[in-house]
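The values are calculated or read from the model by the stated rules, or taken from the named source; none is laboratory data. Model, not experiment: these values are computed from the prediction. Note: ideal-geometry Cβ built from the backbone for every residue, glycine included; neighbour counts use all protein chains shown. Only protein heavy atoms, including side chains, enter the accessible area calculation; ligands, DNA and RNA are left aside. Shrake-Rupley method; radii C 1.70, N 1.55, O 1.52, S 1.80 Å.
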Amino acid sequence: MKVLAIESSCDETSVAVLEDGRKVLSNVIATQIETHKKFGGVVPEVASRQHVEAINVVLKEALDEANVSLSDIDLVSATKGPGLIGALLVGLSAGKTIAMALNKPFVGVNHIVGHVCANYISFEELEPPFIGLIISGGHTYLIEVKDYVDFILHGRTQDDAVGEAFDKVARSLGLAYPGGPIIDKLAREGKETIDFPRVMIKEDNYDFSFSGLKTAVLNYLNSKRQKGEDIIKEDVCKSFQEAVVDVLLEKTFRLADEKNMDKIVLCGGVSANSRIREAFEDEAKKRNKKIYYPELKLCTDNAAMIGSAAYYTYKSGKVDEENFANPNLGL
Ligand code: KG4
Ligand code: ZN
């Protein structure tokens, strides 16, 4: 089955062609990062306009690269939420129009499920059940993946998403957008000299909070600046990142133990973080568990992961007929 997939929920316009749920024939990504850098974050209206400009070009490139034409496509899909409403509408309208014109089935995909499915592309042998940790710019979810389309939500952030905290801390340090990869890099040269809080780590639930940690970093920076003292950026990055790693690790492994699961799957933009990957792998070795995370290109937003999710949703027969863009779509 050839699947055409479109992703446009935030600042990447992406189109992919997959064979079934795991084999990527093409995955073209046009990123708007350079545009949004000027503003220090994504400007929704600018994002929508750029999706409109990019979508047809990216679609053609994806079909050419996969060496297929629209008539070869068996299933069409696009992200229907969560995300920016104007941005979502561009990809969703394109996808539904193509499906209608071809008289082929259409599947609207939940972006969060898409991030999980990125791992099916990177790991041919990976199958549910497993514990999933979705960490991106907009989302932080700890879930149990019982089957391809069967999820139990155990925890989520009460305020900021992990990636959002990375980006805001980076901004307060005067670093460029998106800040996650820069913090990752600087932290490698830093020492953990500041004791930032591990918020909610001991609480008897699987929820997270990153706003308090972000505020603690901002307060530290303000106080240093007021006193005219030097700020060692590398140390701030390292200390902040370690606080993030500790809570993610503690809660994820606690859930894996409780559910007796030996597979833990990381996904979303923040799963590109080298320290998070290393810490999860070290802990997994100690506890006889296995960690999965997608190859770098599939961590951040891309259409291939949407195509994988669409394929498994279609196969399950649990296709939701309601394909309206939903900015607040949950799991
Ligand atoms: O999954 P994604 O592309 O978009 C959303 O669905 O939100 O994630 C983007 C987020 C940004 O916050 C970015 O700073 C973060 O992923 N990110 C990282 C790294 N690479 C990307 N955060 C920490 N370390 C990284 N290496
Ligand atoms: Zn995403």
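Filtered by the rule that a residue be of a type in the set (Val, Ile, Thr) and either open to solvent by 30 Å² or more (accessible area, probe 1.4 Å) or modelled with pLDDT under 95 (or both), the range 67-99 gives 85, 97. Regarding residue 189, is this residue more than 21 Å from residue 251 (Cα to Cα), more than 16 Å from ligand 2 (Cβ to nearest atom) and open to solvent by 60 Å² or more (accessible area, probe 1.4 Å)? It is true that residue 189 is more than 21 Å from residue 251 (Cα to Cα), more than 16 Å from ligand 2 (Cβ to nearest atom) and open to solvent by 60 Å² or more (accessible area, probe 1.4 Å). The residues of the range 1-12 that are within 13 Å of ligand 1 (Cβ to nearest atom) and either surrounded by 24 or more Cβ atoms within 10 Å (Cβ to Cβ) or assigned by TED's automatic domain parsing to the domain that holds residue 268 (or both), listed by number, are 7, 8, 9, 10, 11.
Which of the residues spanning the range 143-166 are within 16 Å of ligand 1 (Cβ to nearest atom) and either open to solvent by less than 20 Å² (accessible area, probe 1.4 Å) or not assigned by TED's automatic domain parsing to the domain that holds residue 215 (or both)?
Answer for the range 143-166, where residues must be within 16 Å of ligand 1 (Cβ to nearest atom) and either open to solvent by less than 20 Å² (accessible area, probe 1.4 Å) or not assigned by TED's automatic domain parsing to the domain that holds residue 215 (or both): 143, 160, 161, 162, 163, 165, 166.
In the range 33-147, counting only strands (runs of 3 or more DSSP E) that sit wholly within it, the ones holding 3 or more residues that are in contact with a Lys or Arg (Cβ under 8 Å, 6 or more places away or on another chain) span 75-81, 106-110, 140-147.
Tallying residues that are among the polar types (S, T, N, Q) and either away from ligand 2 (no atom under 16 Å from the Cβ) or under 21 Å from residue 260 (Cα atoms) (or both) within the range 119-152 yields 1. Contact map, the range 128-150: residues that are free of Cβ contacts under 8 Å to residues at least 60 places away in the same chain paired with residues that are assigned to a loop (DSSP other than H, G, I, E, B) and within 14 Å of ligand 2 (Cβ to nearest atom), Cβ distance under 9 Å, separation 6+ or inter-chain. No pairs are found.
One residue is enough: does the range 91-102 have a residue meeting the conditions within 30 Å of residue 181 (Cβ to Cβ) and within 16 Å of ligand 2 (Cβ to nearest atom)? For the range 91-102, residues within 30 Å of residue 181 (Cβ to Cβ) and within 16 Å of ligand 2 (Cβ to nearest atom): present. Criterion first (within 16 Å of ligand 1 (Cβ to nearest atom), touching a Lys or Arg at 6+ places or on another chain (Cβ under 7 Å), touching a residue at least 40 places away in the same chain (Cβ under 8 Å) and under 30 Å from residue 108 (Cβ atoms)) does residue 177 satisfy it? Answer is yes for this residue. Annotation for the range 304-315: no member residue is free of Cβ contacts under 8 Å to residues at least 40 places away in the same chain, within 16 Å of ligand 2 (Cβ to nearest atom) and closer than 24 Å to residue 181 by Cβ.
Does the range 250-261 contain at least one residue that is of a type in the set (Phe, Trp, Tyr) and open to solvent by 40 Å² or more (accessible area, probe 1.4 Å)? There is no residue in the range 250-261 that is of a type in the set (Phe, Trp, Tyr) and open to solvent by 40 Å² or more (accessible area, probe 1.4 Å). Looking across the range 1-34, the residues that are within 15 Å of the chain's Cα centre (by Cα), farther than 11 Å from residue 55 by Cα and not hydroxyl-bearing (Ser, Thr, Tyr) come down to 10, 11. Scanning the range 279-289 for residues that are open to solvent by less than 40 Å² (accessible area, probe 1.4 Å) and either in a loop (DSSP other than H, G, I, E, B) or of a type in the set (Asp, Glu) (or both) returns 283, 289.
Residue by residue, here is whether (1) basic (Lys, Arg); (2) touching a His at 6+ places or on another chain (Cβ under 9 Å); (3) within 16 Å of ligand 2 (Cβ to nearest atom); (4) open to solvent by 30 Å² or more (accessible area, probe 1.4 Å) holds:
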residue	(1), (2), (3), (4)
212	no, no, no, yes
227	yes, no, no, yes
265	no, no, yes, no
277	yes, no, no, yes
291	no, no, no, no
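Among the numbered conditions (1) open to solvent by 60 Å² or more (accessible area, probe 1.4 Å); (2) within 16 Å of ligand 2 (Cβ to nearest atom); (3) in a helix (DSSP H, G or I), the only one that residue 331 does not meet is (3). Count of the range 258-283 residues, restricted to those that are of a type in the set (Asp, Glu) and farther than 22 Å from residue 239 by Cα, is 2. The set of residues in the range 255-271 being under 16 Å from residue 123 (Cα atoms), within 16 Å of ligand 1 (Cβ to nearest atom) and not in a loop (DSSP other than H, G, I, E, B) consists of 265, 266, 267, 271. Could you check, for the range 211-219, whether at least one of its residues is of a type in the set (S, T, N, Q) and in a loop (DSSP other than H, G, I, E, B)? The answer is no; no qualifying residue exists.
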